[in-house]
Structures are given as C-alpha cells and as structure tokens.
Amino acid sequence: MIAGKQTERGEVMPRMDNLTDDQKKYVLQELRRKGCRITQQRQVLLDVILCDECGCCKEIYYKAVKRQPDIGMATVYRMVKTLEETGLITRKNMYRINVAEG
C-alpha cells in the first residue's frame, strides 16, 4: 500500500511496512490458488487485519467500513472464515495473519 493513499471518505490509510506488504502478497496468492476472487473489499479487509489489532469480526468491520463504506458485516465473516479454512489466519485473543517470517 502506498503511504498517503486516501479512502473514499478522504481518510489517509496507514502505510504497510515491507513485511506486512509481503504477507499481503502471500495471502492474496494463496487465496487465488484456492480459487477465491480478489475483490477491493477483500483487499481492504486484509489491510485492516494486517495493520490493526482486531479482537473480533465487529472490530474488523468498524475499521474496514471507515475505509470502504460499502463493506458489509457478512463480507467480514465470510473473509475471516475463508482465511481460517485455508490456515492463513488464527484466532487466539486477536486475529493475526499466519505467515512464517524469514
């Protein structure tokens, strides 16, 4: 993600560091490999999960809807379920992308 990129509501999105950007690329590659379409909404949700600490789907939703108002709660639940089923996300106290570093 490019630093300073603005959402539809004019908010500046946080900049991802290289590790997070690499994680996003890996997750998107795995989702494509499993036959998932990569929509703008899925990319926004992935950005939220990677950049912010989220303890539940509602938290992901509230942060994502600030960036893209047309995201629905069901989309968040489906995305999290897809990430869990593919082994790309784990939930303990917070949702975290599960990509080996290094």
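The values are calculated or read from the model by the stated rules, or taken from the named source; none is laboratory data. In this text, all values refer to a predicted model and were calculated from it rather than measured experimentally. Please note: Cβ atoms are built from the backbone with ideal geometry, for glycine as well, and neighbour counts cover all protein chains shown.
List of remarks:
- With respect to (1) surrounded by 13 or more Cβ atoms within 10 Å (Cβ to Cβ); (2) modelled with pLDDT under 95, the lone exception for residue 37 is condition (1).
- Restricting the stretch 46-55 to residues that are in contact with a Phe, Trp or Tyr (Cβ under 8 Å, 6 or more places away or on another chain) and not in a helix (DSSP H, G or I), the residue that is surrounded by the most Cβ atoms within 10 Å (Cβ to Cβ) is 54.
- Matching residues, the stretch 19-45, being without any contact (Cβ under 8 Å) to a residue 24 or more places away in the chain and within 18 Å of residue 63 (Cα to Cα): 39, 43
- Taking the criterion of being in a loop (DSSP other than H, G, I, E, B), farther than 24 Å from residue 25 by Cβ and touching a residue at least 12 places away in the same chain (Cβ under 8 Å), the residues of the stretch 57-81 that qualify are 69, 70.
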